[in-house]
Amino acid sequence: MTLDVTDLRISLPRLIERIEALGNVGRVDGPKGEWGCARLALTDADRDGRDLVTTWMADLGLEVTIDGVGNAVATYAGSDPSMAPVMTGSHIDTVRTGGRFDGNLGVLGGLEVVETLARAGVRPRRAIQVAFFTDEEGSRFHPDMLGSLVYVGGLALEEALDMRAHDNDARLGDELARIGYAGSMPCPAATFPHAYIELHIEQGPVLEAEGITIGAVTGVQGIYWNEFTITGQSAHAGTTPMRMRKDPMVVAAQITTEARAIATRLGGAQVATVGRLDVFPDLTNVVPARVTFTTDMRNTDGLKLDEADQAIKAFAARMAADEGCEMTMTPLAHFEPVEFNPLMIDLVEATSKRLGYSVRRMPSGAGHDAQMLARVCPTAMIFVPSINGLSHNIAEDTAPSDLEAGANVLLQTLLHLAS
Ligand SMILES: [Zn+2]
């Protein structure tokens with residue numbers, strides 16, 4: 001009797017064992033038994049995590065290559081070497097208060113898929129590659145998703161290697177060499193995969209709230225980050241008549257309220273947040289001299305997002321002028337929305353249904369390596385629920401049954417793409 005590969009399933013205990021072992025590298029314990037990890041890009045902890053994962057890759061008999069920016073790619077050979085490989089992966093760097101699942105699940109889920117295939121003696125036509133990309137979180141080096149951006153040719157390698165760490169000003173290229181991950185494979189890659197599929201936790205509350213197991217991710221929201229500084233006239237809070245004030249705090253408050261009004265007016269997927277506010281001199285009885293704050297605006301619709309960005313900047317300039325204040329604006333980040341490949345989204349959805357899992361289509365609110373890979377090959381993502389929607393938090397968690405479901409959808413999606 002021949003094996004029907006559509007019946008293959010991953011091993012949950014093996015997947016969890018690897019997630020916990022990697023989580024123990026740079027482990028951070030919380031007061032209530034919750035635990036996560038801190039493996040900032042290109043630190044000693046990141047090196048230890050990389051060493052562990054590449055050892056697992058080699059133990060599975062995979063060929064492991066490291067490229068010029070430290071991205072690691074492990075290859076499970078296919079039966080037809082002339083065909084381009086199918087790639088899965090994610091990142092294993094974390095933020096300072098990171099969880100065990102963000103990024104790590106995508107890499108270890110990929111390894112679990114390969115181990116499942118190897119143990120069953122299944123060799124698809126196309127090779128299957130499992131990758132982890134350098135500095136996805138951007139916690140030490142700007143920009144985030146740096147490794148995958150360089151991999152697809154969106155940022156020159158030399159420019160990336162010259163980036164400086166926020167914490168100790170170390171040069172990225174020197175840090176790579178220091179931890180032993182300045183590899184020799186060309187970056188950007190000489191050839192790109194046939195397709196890329198990434199398993200990731202949702203990092204938000206939607207799937208859990210709706211009781212749905214799998215998110216078939218349709219794309220990644222576009223984003224604008226701007227920093228505004230409003231400068232007025234510092235004055236005594238008791239003696240200065242209202243009509244004589246130039247109060248930057250009032251302007252900042254008006255802009256904050258307008259950010260929400262713009263999001264409400266545009267509707268759809270538009271969100272807007274003022275998340276940072278610095279007031280100088282920050283005293284109870286003083287009209288502030290200066291207020292600096294940021295706006296974070298996101299939308300899956302690029303035209304509406306541009307409209308939101310224009311609207312908030314025009315409103316801010318008008319309010320500052322009305323109050324007699326000076327305004328400066330610095331753009332901090334801008335990424336266009338990314339739409340994943342429709343056939344790949346269909347495949348994730350159909351595979352989830354075939355395996356008996358509830359599934360919904362959804363955009364990603366956070367950035368991922370997949371949005372970079374989408375520039376060079378058909379790409380999609382598989383989301384699994386985050387308990388309480390928590391992420392970038394050591395309490396980040398996902399139910400074991402959801403980890404299993406996500407990894408099985410990854411397995412069957414990869415098998416389909418590789419055959
Ligand atoms: Zn991530």
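Inspection of region 305-312 identifies no residue that is at pLDDT below 95 and closer than 27 Å to Gln233 by Cα.
Where strands (runs of 3 or more DSSP E) sit wholly within region 315-390, those with at least 1 residues that are away from the ligand (no atom under 16 Å from the Cβ) and buried (at least 19 other Cβ atoms within 10 Å of the Cβ) occupy 326-335, 359-364. Considering only region 170-203, state which residues are of a type in the set (D, E, K, R) and either in a strand (DSSP E or B) or at pLDDT below 95 (or both). Arg171, Glu198 - these are the residues of region 170-203 that are of a type in the set (D, E, K, R) and either in a strand (DSSP E or B) or at pLDDT below 95 (or both).
Here Asp48, Asp44, Asp7, Asp93 are screened, and the one residue that is touching a residue at least 60 places away in the same chain (Cβ under 8 Å) and of a type in the set (Asp, Glu) is Asp44. Pairs linking a residue in region 352-373 that is without any contact (Cβ under 8 Å) to a residue 24 or more places away in the chain to a residue that is surrounded by 20 or more Cβ atoms within 10 Å (Cβ to Cβ) and part of a strand (DSSP E or B), with Cβ atoms under 8 Å and 6 or more positions apart or on different chains, are Lys353/Val359. One residue stands out in region 38-89 among those that are hydroxyl-bearing (Ser, Thr, Tyr) and either at pLDDT below 95 or surrounded by fewer than 20 Cβ atoms within 10 Å (Cβ to Cβ) (or both): the one that is nearest to Asp162 (Cα to Cα), namely Thr65. Quick check on region 281-296: of everything there that is touching a residue at least 40 places away in the same chain (Cβ under 8 Å) and of a type in the set (A, V, I, L, M, F, W, C), which residue is farthest from Thr330 (Cα to Cα)? Residue satisfying both the conditions and the ranking: Val286. For Ile394, work out the one condition from (1) in contact with a strand residue (DSSP E or B) (Cβ under 7 Å, 6 or more places away or on another chain); (2) more than 14 Å from the ligand (Cβ to nearest atom); (3) part of a helix (DSSP H, G or I); (4) farther than 29 Å from Leu155 by Cβ it doesn't fulfil. Unmet for Ile394, out of (1) in contact with a strand residue (DSSP E or B) (Cβ under 7 Å, 6 or more places away or on another chain); (2) more than 14 Å from the ligand (Cβ to nearest atom); (3) part of a helix (DSSP H, G or I); (4) farther than 29 Å from Leu155 by Cβ: (3).
Considered as a group, the residues in region 95-150 that are more than 29 Å from Leu390 (Cβ to Cβ) and either small (Gly, Ala, Ser) or within 16 Å of the ligand (Cβ to nearest atom) (or both) include one that is surrounded by the most Cβ atoms within 10 Å (Cβ to Cβ), and that residue is Ala127. Note on region 219-253: among residues that are among the aliphatic types (A, V, I, L, M), out of contact with any Pro (no Cβ under 9 Å at 6 or more places or on another chain) and surrounded by fewer than 22 Cβ atoms within 10 Å (Cβ to Cβ), the one that is farthest from Gly324 (Cα to Cα) is Ala237.
The values are calculated or read from the model by the stated rules, or taken from the named source; none is laboratory data. Computed from a prediction, not measured in an experiment: that's the story for all the values here. Positions of Cβ are backbone-derived with ideal geometry, glycine not excepted, and every protein chain shown enters the neighbour counts.
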